[in-house]
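The values are calculated or read from the model by the stated rules, or taken from the named source; none is laboratory data. No experiment lies behind these values; they were computed from the predicted model shown. Methodologically, a virtual Cβ is constructed for each residue, glycine included, from the backbone with ideal geometry; neighbour enumeration extends over all protein chains shown. In case anyone asks, the SASA skips ligands and DNA or RNA and just uses the protein heavy atoms, side chains included. Shrake-Rupley method; radii C 1.70, N 1.55, O 1.52, S 1.80 Å.
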Amino acid sequence: MKILVTGGAGYIGSITVERLIKSGAEVVVFDNLYQGHRDAVHPDAVFIQGDLADKTAVEAAIATHKPDGIMHFASYTLVGESVEKPFLYLRDNIVNGLNLIEAAIANGVKGFILSSTANLFDDPERMPIDEEERIVPGSPYGESKFILERYLYWMDRLYDMRYTCLRYFNACGATETRGEDHDPETHIIPLVLEVALGQREKITIFGDDYDTPDGTCVRDYIHVVDLAEAHILAMKEILNGGHSRKYNLGNGRGFSVKQVIDTAREVTGHPIPAEIGPRRAGDPDILIASSETINHELGWKPIYPELRQIIEMAWKWHVANPKGYAK
Ligand code: UDP
């Protein structure tokens, strides 16, 4: 299969490209390198430096390469930033996604995978969160993904383009050659590892008065390779005639911020000083996914469910690449 990957120079996108190529797929990466890294793009992928805001460039990429399917990772992805800059999310994420979807339809693309988010579930009634949970976007970021999910529904209904929306929980971990390198970094696992590397003095725990066993937030940390494999399975399914779907994608287990820090202390052998700070706006107490549906329907299950193993793999990458992709 031939797949066009937007955001294929980013963290989850580049690792999905690595796995796609390993599985024998042909890959075209479309990325503006705004957040991604050229060195993260697998050497066997065709690389197009382009911006989804440039409709002509998107159309040209799809018309030239004629992919069977598209995996759409490229996006602004930070919940907090989206509250500060709602238009970046409610305009750019949506318009860029629409440019891509429209070009896909115009060129007869058969399958589309959208990176969606756990931020669709701001007020869950049940834990773990399954696909029946009502959708309450928690931020302009979550809303932008929800709107793209709805556009895809209409593309399926009107143009027979099949899609799968994958609502990720907390992506983390690394492969031997690719890992997490954001600027600025905001995610808990790379931040604690930066403390262990001596690049930061300490980690601040954003609140210890949550309604959880140790008072710190509980999240579902899913290994990026497991996420990548879910994309590949989902794409094969729709290209083989399967119907459109939406799946929640997580490990099915929750770990607290304190558990993450303690595990990182064990893995790195570094004391990782931590202090308690105020809560971060918009953080719910607990977010855990139920991935039963994708497990039953596609046979997906995480290969790396253990937090220790996830942190070990991330640590290995950080030690080998202390400056990330920077030379
Ligand atoms: N967190 C923290 N200190 C930090 C960064 C994150 O305590 O410096 C907490 C955050 O409040 C949340 C969890 O770690 O409860 C995971 O946050 P992250 O930003 O990694 O992912 P998110 O849940 O926002 O997708």
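Cβ separations smaller than 6 Å between residues 6+ apart or across chains give the following pairs from segment 66-84 residues that are open to solvent by less than 30 Å² (accessible area, probe 1.4 Å) to residues that are within 11 Å of the ligand (Cβ to nearest atom): Ser82/Ser139; Ser82/Tyr141. Apart from one condition, Ala53 fits all of (1) open to solvent by 30 Å² or more (accessible area, probe 1.4 Å); (2) of a type in the set (Gly, Ala, Ser); (3) not in a loop (DSSP other than H, G, I, E, B); the exception is (3).
When the strands (runs of 3 or more DSSP E) confined to segment 205-289 are screened for residues that are more than 10 Å from the ligand (Cβ to nearest atom) and surrounded by fewer than 18 Cβ atoms within 10 Å (Cβ to Cβ), none reaches at least 3 such residues. Residue count for segment 12-50 under the criterion of being part of a loop (DSSP other than H, G, I, E, B) and open to solvent by less than 50 Å² (accessible area, probe 1.4 Å): the result is 8. Looking at (1) buried (at least 24 other Cβ atoms within 10 Å of the Cβ); (2) of a type outside the set (Lys, Arg); (3) touching an Asp or Glu at 6+ places or on another chain (Cβ under 6 Å); (4) in contact (Cβ under 8 Å) with a residue 40 or more places away in the chain, which is the only condition Ala9 fails? The failed condition is (4). Are there any pairs, at least 6 apart or on different chains, whose C-beta atoms fall under 8 Å, with the first in segment 263-288 and more than 30 Å from Arg126 (Cα to Cα) and the second assigned to a loop (DSSP other than H, G, I, E, B) and modelled with pLDDT of 95 or more, and if so, which? What qualifies is Arg265/Pro271; Arg265/Ile272; Ile272/Lys202; Pro273/Glu201; Pro273/Lys202; Ala274/Lys202; Glu275/Lys202. For segment 293-302, a residue qualifies if it is surrounded by fewer than 17 Cβ atoms within 10 Å (Cβ to Cβ) and touching a strand residue (DSSP E or B) at 6+ places or on another chain (Cβ under 9 Å), and exactly one does: Glu297.
Against the numbered list (1) within 20 Å of Glu102 (Cβ to Cβ); (2) without any contact (Cβ under 8 Å) to a residue 24 or more places away in the chain; (3) β-branched (Val, Ile, Thr), Val46 comes up short only at (1). Only one of the listed residues (Glu132, Glu149, Glu102) is in contact with a Cys (Cβ under 6 Å, 6 or more places away or on another chain) and under 25 Å from Leu233 (Cα atoms). That residue is Glu149.
Got a number for residues in segment 194-204 being surrounded by 21 or more Cβ atoms within 10 Å (Cβ to Cβ) and within 8 Å of the ligand (Cβ to nearest atom)? Selection size over segment 194-204: 1.
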